[in-house]
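Asks: Pasting a structure below so you can have a look.
The values are calculated or read from the model by the stated rules, or taken from the named source; none is laboratory data. All values derive from a computational prediction rather than experimental measurement. Ideal geometry is used to build each Cβ from the backbone, glycine not excepted, and the neighbour counts take in all protein chains shown.
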Amino acid sequence: MTDDLSTMPVIDIDAHWTEPRDLWTSRAPAKLRDKTLRVELMDDGVERWVIGDGMVMGSVGYCSIRPDGSKGSGQVAFDSFDEIHPGAIETEPRLAYMDEHGLTIQIVYPNILGFAGHLVMRIDDAEQREFSVTAYNDAAADVQAEGKGRVFPQAMLPFWDLDASIRELERCHDQLGLKGLVLTDATEDWGLPPLSDPHWDRLWHAAEDRGMPINFHIGGGTITPRTWGSYPPARMFAALSTMMQMSNMASISNLIYSGLLDRFPTLKFVSVESGVGWLPFLLESLDYQFNENGVTDLKMKPSEYFQRQIYGSYWFESDLADAVKKLGADNFMFETDFPHATCIYPGVREHVQRTHKGLDAEVQRKLLYETAARVYNIDPHI
């Protein structure tokens, strides 16, 4: 095993997939095909995803990397598929991009149905909504197979229906071979019990038994960021991006103080695309409040729960030493956020070299691939 940063394996635990235009139409049964998720050209000349009688679901890609490799400045999404880097959509070009930038493996999340799969709730028709989830997972399994042990999309669940969710979890793991789940922590927004309620225990048991991590991706959580009115687009996106990262404070605090982790002590949770520099502050505060408020009905301190079964991911942060010093290196994982506007691009390997230089080799290995391999049950040595 080498300790040279230039050749060390790198697992990117947060990349995204610009779903191909025929993902749903090519898999839909005849009765759903005409109204399933599809791409249409709007009157303004922009391609957008629509469903049903034409309800717009969003832009075609939420991609900021062009086919020539240039990065759009301040562009959250392009106007058509022709403007999108093929590596955002297709597996072989993605592998070529990964090779070019020194990435060994990517964990991949959805786009058009929400980074946590929660925007599927905009679809009123229950049959169409469930098909949207199961077809996505079928396509994810195809991508994983094409990825040759290097690309691992995370499964979505029909979370509005617990029995269907458990069946889909079992199918995704046992039949399709998918490694983890993405889930909103804002289930109450749709009249469902909070995730700590015993209503969800059968789902947690199924995930825990299979070693499947639960990913809380920013943008699908309890706190919805908002600005003080309308800003110019670049300022708006910059402000909301940081607010969304901080909203995962609520996810972690609820995980710990809800008591859920006492009931499921080996279930793994990942705070995705939220950074790690703020975690020492959060956990110091949670521990302080634990002591000062006399909490006696949890088995451990908040920081101990975190170290046992919660993980964070980072990408832009230039100095990791302080967070590692305070919390250790076992709960942090690297990401790029490719191909979104805030992703590390280009110069991924150069960024790794610069931000990890000076850390002990053991710490480097944990941050760049060992912890991710353990959390997602994958082999980093391809």
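Asks: For N215, work out the one condition from (1) part of a helix (DSSP H, G or I); (2) surrounded by 14 or more Cβ atoms within 10 Å (Cβ to Cβ); (3) modelled with pLDDT of 95 or more it doesn't fulfil.
Replies: All conditions pass for N215, except number (1).
Asks: So, one more: What number of residues within the stretch 77-102 satisfy the criterion of being touching a Ser or Thr at 6+ places or on another chain (Cβ under 7 Å) and in contact (Cβ under 8 Å) with a residue 24 or more places away in the chain? Write out each step before concluding.
Replies: First pass over the stretch 77-102, keeping only residues touching a Ser or Thr at 6+ places or on another chain (Cβ under 7 Å): 77, 84, 88-89.
Next cut, in contact (Cβ under 8 Å) with a residue 24 or more places away in the chain only: 84, 88-89.
Counting residues in the stretch 77-102 that are touching a Ser or Thr at 6+ places or on another chain (Cβ under 7 Å) and in contact (Cβ under 8 Å) with a residue 24 or more places away in the chain gives 3.
Asks: Here's a follow-up. Given N291, N377, N331, which one is farther than 30 Å from Y62 by Cβ, of a type in the set (S, T, N, Q) and out of contact with any His (no Cβ under 8 Å at 6 or more places or on another chain)?
Replies: Details: N377 fails: farther than 30 Å from Y62 by Cβ; N331 fails: farther than 30 Å from Y62 by Cβ.
The unique qualifying residue is N291.
Asks: Could you tell me which numbered condition G58 fails, if it satisfies all but one of (1) modelled with pLDDT under 95; (2) outside any loop (DSSP other than H, G, I, E, B); (3) touching a Ser or Thr at 6+ places or on another chain (Cβ under 9 Å)?
Replies: Answer for G58: the failing condition is (3).
Asks: Suppose we filter the stretch 121-162 for residues that are of a type outside the set (S, T, N, Q) and assigned to a loop (DSSP other than H, G, I, E, B); how many remain? I'd like the intermediate steps shown before the answer.
Replies: Step one: of the stretch 121-162, the residues of a type outside the set (S, T, N, Q) are 121-127, 129-131, 133, 135-136, 138-143, 145-153, 155-162.
Pick out the ones that are also assigned to a loop (DSSP other than H, G, I, E, B) and you get 123-125, 147-150, 156-161.
Summing the residues that are of a type outside the set (S, T, N, Q) and assigned to a loop (DSSP other than H, G, I, E, B) in the stretch 121-162 gives 13.
Asks: Please note which helices (runs of 4 or more DSSP H) are completely contained in the stretch 300-378 and include at least 3 residues that are among the acidic types (D, E), under 30 Å from G69 (Cα atoms) and without any contact (Cβ under 8 Å) to a residue 60 or more places away in the chain.
Replies: Numbers: elements: 302-309, 321-327, 348-356, 361-365, 371-376.
Helices (runs of 4 or more DSSP H) meeting the threshold: none at all.
Asks: Next up: Confirm whether R235 is in a loop (DSSP other than H, G, I, E, B), farther than 21 Å from Y109 by Cα and of a type in the set (D, E, K, R). Spell out how you get there, then give the answer.
Replies: Values: in a loop (DSSP other than H, G, I, E, B): no; farther than 21 Å from Y109 by Cα: yes; of a type in the set (D, E, K, R): yes.
Taking the combined requirement at face value, the residue does not satisfy it.
Asks: Considering only the stretch 34-55, state which residues are among the β-branched types (V, I, T) and part of a loop (DSSP other than H, G, I, E, B). Write out each step before concluding.
Replies: To start, the set of residues in the stretch 34-55 that are among the β-branched types (V, I, T) comprises 36, 39, 46, 50-51.
Listed by number, the residues that qualify are T36, V46.
Asks: Okay, next question. If a residue must be of a type in the set (D, E) and in contact with a Phe, Trp or Tyr (Cβ under 7 Å, 6 or more places away or on another chain), how many such residues does the stretch 227-264 contain?
Replies: Keep residues of the stretch 227-264 that are of a type in the set (D, E), which gives 262.
Next, only the ones that are in contact with a Phe, Trp or Tyr (Cβ under 7 Å, 6 or more places away or on another chain) stay: none.
Within the stretch 227-264, residues that are of a type in the set (D, E) and in contact with a Phe, Trp or Tyr (Cβ under 7 Å, 6 or more places away or on another chain) number 0.
Asks: Which of the residues belonging to the stretch 79-102 are more than 12 Å from C63 (Cβ to Cβ), of a type in the set (D, E) and in a loop (DSSP other than H, G, I, E, B)?
Replies: E90
Asks: Whether any residue in the stretch 174-194 is surrounded by 23 or more Cβ atoms within 10 Å (Cβ to Cβ), aromatic (F, W, Y), in contact with a helix residue (DSSP H, G or I) (Cβ under 8 Å, 6 or more places away or on another chain) and not in a loop (DSSP other than H, G, I, E, B) is what I want to check.
Replies: Within the stretch 174-194, none of the residues are surrounded by 23 or more Cβ atoms within 10 Å (Cβ to Cβ), aromatic (F, W, Y), in contact with a helix residue (DSSP H, G or I) (Cβ under 8 Å, 6 or more places away or on another chain) and not in a loop (DSSP other than H, G, I, E, B).
Asks: If I ask for residues that are of a type in the set (G, A, S), farther than 16 Å from S313 by Cα and surrounded by fewer than 19 Cβ atoms within 10 Å (Cβ to Cβ), which ones from the stretch 326-350 would you list? Can you show your working first?
Replies: We begin by selecting, within the stretch 326-350, every residue of a type in the set (G, A, S); these are 328-329, 341, 347.
In the following step, the residues that additionally are farther than 16 Å from S313 by Cα were identified as 341, 347.
Within the stretch 326-350, just G347 meets the criteria.
Asks: Moving on to the next point. Are any of the residues in the stretch 17-33 part of a strand (DSSP E or B), over 18 Å from V348 (Cα atoms) and acidic (D, E)? Can you show your working first?
Replies: Of all residues in the stretch 17-33, those part of a strand (DSSP E or B) come to none.
Looking for residues that are part of a strand (DSSP E or B), over 18 Å from V348 (Cα atoms) and acidic (D, E), one finds none in the stretch 17-33, hence no.
Asks: When you go through (1) more than 21 Å from A206 (Cα to Cα); (2) surrounded by 15 or more Cβ atoms within 10 Å (Cβ to Cβ); (3) at pLDDT 95 or above; (4) not aromatic (F, W, Y) one by one for A250, which number turns out not to apply?
Replies: Here A250 clears every test but (3).
Asks: Another question, then. Hey, any hits in the stretch 351-369 for a residue that's aromatic (F, W, Y), crowded, with 22+ Cβ neighbours inside 10 Å, farther than 28 Å from L240 by Cα and touching a strand residue (DSSP E or B) at 6+ places or on another chain (Cβ under 7 Å)?
Replies: Of all residues in the stretch 351-369, those aromatic (F, W, Y) come to 369.
Now narrow it down to the ones that are crowded, with 22+ Cβ neighbours inside 10 Å: 369.
Subsequent filtering for residues that are farther than 28 Å from L240 by Cα retains 369.
In the following step, the residues that additionally are touching a strand residue (DSSP E or B) at 6+ places or on another chain (Cβ under 7 Å) were identified as 369.
Scanning the stretch 351-369 turns up at least one residue that is aromatic (F, W, Y), crowded, with 22+ Cβ neighbours inside 10 Å, farther than 28 Å from L240 by Cα and touching a strand residue (DSSP E or B) at 6+ places or on another chain (Cβ under 7 Å).
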